[in-house]
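Some notes on the structure that comes next.
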Amino acid sequence: MSAHQLHRPLLLASASPRRAELLAQIGLDYCRHFAHAYETPPRAGEDLRTWAQSAALEMPLLDGVSVCVLGKPCNTGEAAAMLRALSGRRHLVLSAFALLAHPEGTTVTDAVVAEVLFRSLNESEIDEYVASGEPLDKAGAYGIQGRGAILVESISGDYNTVVGLPLSRLWQELAPWRKGEG
(Lines give C-alpha, C1' and ligand atoms only; values in the text may rest on other atoms or scores of the structure.)
Protein backbone atom coordinates (compact mmCIF):
# COMPACT_ATOMS: atom_id res chain seq x y z
CA MET A 1 0.00 0.00 0.00
CA SER A 2 1.39 3.42 -0.84
CA ALA A 3 1.59 6.13 1.79
CA HIS A 4 -1.35 8.50 2.10
CA GLN A 5 -0.44 12.08 1.44
CA LEU A 6 -1.58 14.66 3.98
CA HIS A 7 -2.00 18.43 3.56
CA ARG A 8 -0.01 18.92 6.72
CA PRO A 9 2.61 16.87 8.54
CA LEU A 10 1.55 14.26 11.03
CA LEU A 11 3.73 14.17 14.11
CA LEU A 12 3.59 11.11 16.33
CA ALA A 13 4.29 12.41 19.82
CA SER A 14 4.42 8.97 21.40
CA ALA A 15 7.15 6.51 22.26
CA SER A 16 4.76 3.61 21.67
CA PRO A 17 6.09 1.22 19.03
CA ARG A 18 2.54 -0.07 18.59
CA ARG A 19 1.23 3.35 17.60
CA ALA A 20 4.03 3.68 15.04
CA GLU A 21 3.23 0.22 13.66
CA LEU A 22 -0.48 1.03 13.42
CA LEU A 23 0.13 4.28 11.52
CA ALA A 24 2.45 2.45 9.14
CA GLN A 25 -0.15 -0.32 8.74
CA ILE A 26 -2.65 2.14 7.24
CA GLY A 27 0.01 3.84 5.13
CA LEU A 28 0.23 7.19 6.91
CA ASP A 29 3.42 9.22 6.61
CA TYR A 30 4.47 10.70 9.92
CA CYS A 31 7.46 12.07 11.79
CA ARG A 32 8.21 10.86 15.27
CA HIS A 33 9.02 13.21 18.12
CA PHE A 34 8.19 12.70 21.76
CA ALA A 35 9.12 13.98 25.17
CA HIS A 36 9.86 11.57 27.97
CA ALA A 37 7.05 12.90 30.14
CA TYR A 38 5.58 11.05 33.09
CA GLU A 39 1.98 9.99 32.50
CA THR A 40 0.03 10.85 35.64
CA PRO A 41 -2.88 8.64 36.73
CA PRO A 42 -6.34 10.17 37.16
CA ARG A 43 -7.33 11.76 40.45
CA ALA A 44 -10.19 10.32 42.49
CA GLY A 45 -13.49 11.37 40.92
CA GLU A 46 -11.87 12.62 37.71
CA ASP A 47 -13.73 11.74 34.50
CA LEU A 48 -11.66 8.99 32.88
CA ARG A 49 -12.54 9.91 29.29
CA THR A 50 -11.50 13.54 29.88
CA TRP A 51 -8.32 12.37 31.57
CA ALA A 52 -7.49 10.01 28.70
CA GLN A 53 -8.19 12.67 26.09
CA SER A 54 -6.01 15.23 27.81
CA ALA A 55 -3.22 12.70 28.32
CA ALA A 56 -3.73 11.15 24.84
CA LEU A 57 -2.66 7.76 26.11
CA GLU A 58 -4.03 4.26 26.37
CA MET A 59 -4.38 2.20 29.53
CA PRO A 60 -6.68 -0.66 30.57
CA LEU A 61 -9.11 0.08 33.37
CA LEU A 62 -10.04 -2.87 35.55
CA ASP A 63 -13.80 -3.45 35.83
CA GLY A 64 -14.42 -0.38 33.70
CA VAL A 65 -15.74 1.76 36.52
CA SER A 66 -12.97 1.73 39.06
CA VAL A 67 -10.01 4.05 38.96
CA CYS A 68 -7.60 1.13 38.93
CA VAL A 69 -5.40 2.18 36.02
CA LEU A 70 -3.09 -0.52 34.80
CA GLY A 71 -0.04 1.05 33.23
CA LYS A 72 3.08 -0.80 32.18
CA PRO A 73 4.39 -3.16 34.85
CA CYS A 74 7.73 -2.25 36.46
CA ASN A 75 8.84 -5.87 36.86
CA THR A 76 7.76 -9.48 36.43
CA GLY A 77 6.06 -9.58 39.83
CA GLU A 78 3.90 -6.60 38.98
CA ALA A 79 3.10 -8.09 35.55
CA ALA A 80 1.96 -11.35 37.16
CA ALA A 81 -0.16 -9.44 39.68
CA MET A 82 -1.87 -7.48 36.89
CA LEU A 83 -2.61 -10.67 34.95
CA ARG A 84 -4.07 -12.30 38.07
CA ALA A 85 -6.29 -9.24 38.56
CA LEU A 86 -7.49 -9.43 34.94
CA SER A 87 -8.03 -13.21 34.96
CA GLY A 88 -11.68 -14.11 34.37
CA ARG A 89 -12.73 -10.44 34.39
CA ARG A 90 -13.81 -7.70 32.04
CA HIS A 91 -11.89 -4.46 31.73
CA LEU A 92 -12.00 -1.36 29.59
CA VAL A 93 -9.20 -0.08 27.43
CA LEU A 94 -9.24 3.64 26.65
CA SER A 95 -7.08 4.83 23.80
CA ALA A 96 -6.95 8.55 23.13
CA PHE A 97 -5.39 10.79 20.55
CA ALA A 98 -5.05 14.50 19.94
CA LEU A 99 -4.65 16.29 16.62
CA LEU A 100 -3.35 19.83 16.77
CA ALA A 101 -3.45 21.83 13.54
CA HIS A 102 -0.70 24.41 13.27
CA PRO A 103 -0.74 27.36 12.79
CA GLU A 104 -4.52 27.50 13.32
CA GLY A 105 -4.24 26.05 16.80
CA THR A 106 -7.41 23.98 16.49
CA THR A 107 -7.34 20.77 18.47
CA VAL A 108 -9.33 17.58 18.06
CA THR A 109 -9.20 15.03 20.86
CA ASP A 110 -11.03 11.79 21.22
CA ALA A 111 -10.93 8.71 23.41
CA VAL A 112 -12.29 5.38 22.24
CA VAL A 113 -13.22 2.57 24.62
CA ALA A 114 -13.10 -1.17 24.01
CA GLU A 115 -14.15 -3.85 26.49
CA VAL A 116 -11.98 -6.93 26.89
CA LEU A 117 -12.90 -10.15 28.68
CA PHE A 118 -10.02 -12.30 29.89
CA ARG A 119 -10.57 -16.01 30.29
CA SER A 120 -9.66 -17.52 33.66
CA LEU A 121 -5.92 -18.08 33.80
CA ASN A 122 -4.01 -20.57 35.91
CA GLU A 123 -0.71 -19.75 37.60
CA SER A 124 1.39 -21.72 35.13
CA GLU A 125 -0.13 -19.80 32.20
CA ILE A 126 0.60 -16.51 33.95
CA ASP A 127 4.16 -17.57 34.78
CA GLU A 128 4.80 -18.76 31.23
CA TYR A 129 3.45 -15.57 29.68
CA VAL A 130 5.41 -13.34 32.06
CA ALA A 131 8.58 -15.38 31.33
CA SER A 132 8.12 -14.59 27.62
CA GLY A 133 8.95 -10.95 28.44
CA GLU A 134 6.03 -9.67 26.37
CA PRO A 135 4.05 -8.16 29.27
CA LEU A 136 6.84 -5.89 30.49
CA ASP A 137 6.33 -3.07 27.97
CA LYS A 138 2.55 -3.28 27.67
CA ALA A 139 -0.14 -1.39 29.56
CA GLY A 140 -2.11 -3.94 31.54
CA ALA A 141 0.76 -6.44 31.14
CA TYR A 142 -0.53 -7.98 27.91
CA GLY A 143 -0.35 -7.44 24.18
CA ILE A 144 -3.46 -8.56 22.35
CA GLN A 145 -1.53 -8.36 19.07
CA GLY A 146 1.04 -10.91 20.32
CA ARG A 147 1.06 -13.90 22.62
CA GLY A 148 -1.41 -12.10 24.87
CA ALA A 149 -4.13 -12.90 22.33
CA ILE A 150 -4.52 -16.34 23.95
CA LEU A 151 -5.52 -14.68 27.24
CA VAL A 152 -8.50 -12.86 25.71
CA GLU A 153 -11.86 -14.58 25.54
CA SER A 154 -13.68 -11.75 23.78
CA ILE A 155 -13.51 -8.11 22.84
CA SER A 156 -16.28 -5.60 22.29
CA GLY A 157 -15.22 -2.59 20.31
CA ASP A 158 -12.32 -1.63 18.11
CA TYR A 159 -9.45 -4.14 18.24
CA ASN A 160 -6.90 -1.44 17.36
CA THR A 161 -7.99 0.55 20.40
CA VAL A 162 -6.72 -2.34 22.51
CA VAL A 163 -3.49 -2.52 20.50
CA GLY A 164 -2.90 1.17 21.12
CA LEU A 165 -4.59 3.54 18.66
CA PRO A 166 -8.22 3.72 17.46
CA LEU A 167 -7.41 3.73 13.73
CA SER A 168 -10.96 4.01 12.41
CA ARG A 169 -11.74 7.05 14.56
CA LEU A 170 -8.35 8.65 13.83
CA TRP A 171 -8.87 8.12 10.08
CA GLN A 172 -12.22 9.89 10.26
CA GLU A 173 -10.68 12.87 12.04
CA LEU A 174 -7.82 13.05 9.53
CA ALA A 175 -10.21 13.48 6.55
CA PRO A 176 -9.57 17.25 6.27
CA TRP A 177 -5.80 16.58 6.24
CA ARG A 178 -5.83 14.04 3.41
CA LYS A 179 -5.13 15.29 -0.08
CA GLY A 180 -8.18 15.12 -2.28
CA GLU A 181 -10.54 15.31 0.71
CA GLY A 182 -11.81 17.99 3.05
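The values are calculated or read from the model by the stated rules, or taken from the named source; none is laboratory data. Note that the structure is predicted; figures quoted are calculated from it, not measured. Using ideal geometry, Cβ is built from the backbone for each residue, glycine included, and neighbour counts are taken over all protein chains shown.
A compact table of results
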| item | result |
| --- | --- |
| Residue list for the range 125-147, filter: within 9 Å of Leu83 (Cβ to Cβ) and under 15 Å from the mean Cα position of the chain (by Cα) | Pro135, Gly140, Ala141, Tyr142 |
| The range 132-144: number of residues that are in a loop (DSSP other than H, G, I, E, B) and at pLDDT 95 or above | 5 |
| Among the candidates Ala114, Ala149, Ala81, Ala131, residue that is crowded, with 19+ Cβ neighbours inside 10 Å and of a type in the set (Gly, Ala, Ser) | Ala114 |
| Given (1) out of contact with any Asp or Glu (no Cβ under 9 Å at 6 or more places or on another chain); (2) closer than 22 Å to Gly27 by Cβ, index of the condition Val108 fails | (1) |
| Top-ranked residue of the range 162-171 - restricted to ones that are closer than 17 Å to Leu12 by Cβ and under 14 Å from the mean Cα position of the chain (by Cα), ranked as surrounded by the most Cβ atoms within 10 Å (Cβ to Cβ) | Pro166 |
| Test: residue in the range 150-164 that is in contact with a Pro (Cβ under 9 Å, 6 or more places away or on another chain), charged (D, E, K, R) and within 18 Å of Arg19 (Cβ to Cβ) | yes |
| Any chance Ser154 is of a type outside the set (A, V, I, L, M, F, W, C), touching a residue at least 12 places away in the same chain (Cβ under 8 Å) and surrounded by fewer than 16 Cβ atoms within 10 Å (Cβ to Cβ) | yes |
